[in-house]
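The values are calculated or read from the model by the stated rules, or taken from the named source; none is laboratory data. The shown structure was predicted, so the numbers you read here are calculated from the model rather than taken from an experiment. Neighbour counts are summed over all protein chains in view; Cβ atoms, including those assigned to glycine, are modelled from backbone coordinates with ideal geometry. When the accessible area is computed, the model is the full protein with side chains, heavy atoms only, and any ligands, DNA or RNA have been set aside. Shrake-Rupley method; radii C 1.70, N 1.55, O 1.52, S 1.80 Å.
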Amino acid sequence: MAEIPDFDAIVIGAGFAGIYMVYRLRESGFAVRGLEAGGGVGGTWYWNRYPGARCDSESMYYSFSFLPDFEQEWTLEERYPTQPVILSYLQTVAERLDLLKDFRFGTRVTSVAWDDPSARWTVRSEDGYEATARFVITAVGALSAANLPAIAGADTFAGEQYSTASWPHQPVPLVGKRVGLIGTGSSGVQVLPELAKQAGAVTVFQRTAQFVTPAQAGPLDPQMVSMWKANYQEIRRRTKFTAGGIPIPSPTRSAFELSEHERRAVCEEAWRRGGIWFLAGTFTDAVTDLEANKVVADFVRSKIDEIVDDPETADKLKPRTYPWGTKRVPIGSNFYETFNRPNVRLVDLRADPIEAITVRGIKTASSEHELEVIVYATGFDALTGALTRLGVRGTGGATLPDAWPDGPRTYLGLSVPGFPNLFTITGPGSPGVVTNVPVAIEQHVEWIDELLCFARARGATTIEAMDDAATAWSRHVQEVASQTLYPTADSWYMGANIPGKPRVFLPYIGGLDVYRRKCDGVAAGGYPGYCFDGADAPALQEAGHGAR
Ligand code: NA7
């Protein structure tokens, strides 16, 4: 029988996080193996290939900061990078760093089991691969476990069905077809205008209206790009200490300090700039005070009226059931404008719910919509879904759902008590998903690498988050969220899009800058909140750290 390979570390995933984690650990001298379900690198950008897929972060910020030569070479053309551009970027990085040989692709991990006597993890995949490792680092993405609703009759549909979250690698023939789109989150908002250009007719099935912000996409001014490149490292340095991983100025005034006319002018200017400038650029209290929030919400509703010709459709598109910004705000190009096309119509599922999918299409309470293609843009089991699907079993065989009956409990979003030597990049309780993600990923990766080096230098073989440290961190995550309006919405931030999921705020919204300082403080203090064991454990204990 072939010997089971053993590594210092196994990294699961080959997106931004997996690529950098494998690279860092390899550079630090660890024997590391990356495992990836997809056929290549890319993560989110490998799977989400639907027409119109692009990043909401601007091109110059959506890349690694540790490749100063390569960032000068890489061409920046559009304000928002498209999916093919980001995929090509990650492929090029992986090739340049000679990382492809360190990954095993087509390897969907289904079991990650801790063995206490050997203090190692055994990782198994769907295709029968098996390996052991001292450490496992999950780099599986916060929005990667697709949520496909179980709609009665879906298997009887005679046409084709696609998910934006696992779009085919070849173009899907849509020309002239009758297409149904379920979901109007970020993915639905991006794919709709592209579907409408090709299809004969598109019916949009909307469950909750969204406050869509215009991307104001377009080509980048080459002079700006040159300026950026000349100052890239300084910009990167500043970016690390921003709340959202993007160095844009924060608003300085409350909505209450301004006249109605001034408020409108602030919103108009932010809308004209588009994207993150609208999301983070209006008022200091836009997501903490309901009245200030209403100023922004009313502004977006007024824009919907301005853009959408048919008053009835405009009315259905107006969000009214939650405060602005408390569900992830989709950034779109021509989303509202697309409803002015004669081949696009909107079904409001709150008034006319889906009853079933039939052989011919989608049957709602009022009628049957005949379709040839159904596109699901129905989101993800965010932050925890991809972790629980790995089949992780920690000490005593406990699963993550066993450990998290009331929602995830982590230390710094990176570690879980009862799961020694496991680290979760952009896990629940980390700020990753509410930031420009690569910036948060780099922080996580570097911090984990340093912790593993620290443990190695002291002969420690296990690192485990302590129970009280995880309890305190998780309480802090909820406290910070409760100072905002976020928890009032039924969002994936709250786990509310997945039936039965405990309702807690999942990411840390205290800011990446604050989080980074907290993590740096933990490292500088010798990692309080963790317990270590191994040859030099007593030394660690003397230095004031827990030891088992
Ligand atoms: P989102 O933002 O979770 O959007 C999913 C959409 O699908 C949203 O409109 C949901 O309505 C809708 N949905 C989900 N389940 C159903 C069912 N059963 N019936 C009808 N409609 C449904 O996911 P995205 O992929 O668009 O974006 C995810 C993130 O990727 C995004 O935030 C960015 O960070 C990038 P709901 O609002 O739940 O009523």
- [ ] State the Cα centre-to-centre distance between segment 255-322 and segment 152-215 in whole Å.
- [x] 26
TODO: Could you state the orientation-averaged shadow area of the convex hull built on the Cα atoms of segment 427-524, in nm² to one decimal?
DONE: 7.3
Task: 4 °C / 1.567 mPa s Stokes-Einstein diffusion coefficient of the chain, Kirkwood radius on C-alpha pairs, µm²/s - done: 53
Task: Surface accessible to a 1.4 Å probe, THR471 within the full protein complex, Å² - done: 50
- [ ] Specify which residue in the list ALA119, VAL41, VAL202 is farthest towards the positive end of the charge dipole of the chain, using unit charges on the beta carbon of Lys, Arg (+1) and Asp, Glu (-1), about the Cα centre.
- [x] VAL202
Task: Net charge, SER186 excluded, C-beta distance under 11 Å - Lys, Arg +1, Asp, Glu -1 - done: +2
- [ ] Using just the helices of the chain, give the 222 nm mean residue ellipticity in deg cm²/dmol: DSSP H runs with n ≥ 4 each add -39,500 (n - 2.57), and the total is spread over all residues, rounded to 500.
- [x] -9500 deg cm²/dmol
Task: Under 14 Å, Cβ to Cβ, from ALA386 - net charge with Lys/Arg +1 and Asp/Glu -1 - done: +1
Open item on the list: Suppose a student asked you for the relative contact order of segment 154-376, using Cα pairs under 8 Å spaced at least 6 residues apart; what percent would you report?
Closed with: 37
- [ ] Evaluate the charge dipole of the chain about its Cα centre and quote only its size in Debye, nearest 20, assuming +1 on the Cβ of each Lys and Arg and -1 on the Cβ of each Asp and Glu.
- [x] 280
Open item on the list: With a cut-off of 8 Å between alpha carbons and a minimum separation of six or more residues, what is the relative contact order of segment 263-303 in percent?
Closed with: 33
- [ ] Would you work out which of ILE182, GLN223, THR110 lies farthest towards the positive end of the dipole of the chain, given +1 charges on the beta-carbon of Lys and Arg and -1 on that of Asp and Glu, about the Cα centre?
- [x] ILE182
Task: Principal-axis tilt of helix 83-96 within the chain, Cα atoms, nearest 10 degrees - done: 20
Open item on the list: Antiparallel versus total DSSP beta bridges in segment 154-376: what percent is that, nearest 5?
Closed with: 25
TODO: Report the local net charge at GLY413: Lys and Arg +1, Asp and Glu -1, summed over other residues whose C-beta lies under 13 Å from its C-beta.
DONE: +3
TODO: Please figure out what share of the DSSP beta bridges in the chain is antiparallel and state it in percent, rounded to the nearest 5.
DONE: 40
Task: Members of LYS240/LYS327; LYS177/LYS363; LYS303/LYS327; LYS240/LYS518; LYS294/LYS327; LYS316/LYS501 lying beyond 21 Å, as alpha-carbon distances in this model show - done: LYS240/LYS327; LYS316/LYS501
Task: Which of ILE448, MET494, TYR23, positive extreme of dipole for the chain (C-beta unit charges) - done: MET494
TODO: Give the angle, between 0 and 90 degrees and rounded to the nearest 10, that separates the Cα long axis of helix 16-27 from the longest principal axis of the Cα atoms of the chain.
DONE: 20
Task: Tilt relative to the chain, helix 437-457 - C-alpha long axis, 0 to 90 degrees, to 10 - done: 10
- [ ] Order the following by accessible area, largest value first: VAL437, VAL359. Probe radius 1.4 Å; ligands, DNA and RNA are ignored.
- [x] VAL359, VAL437
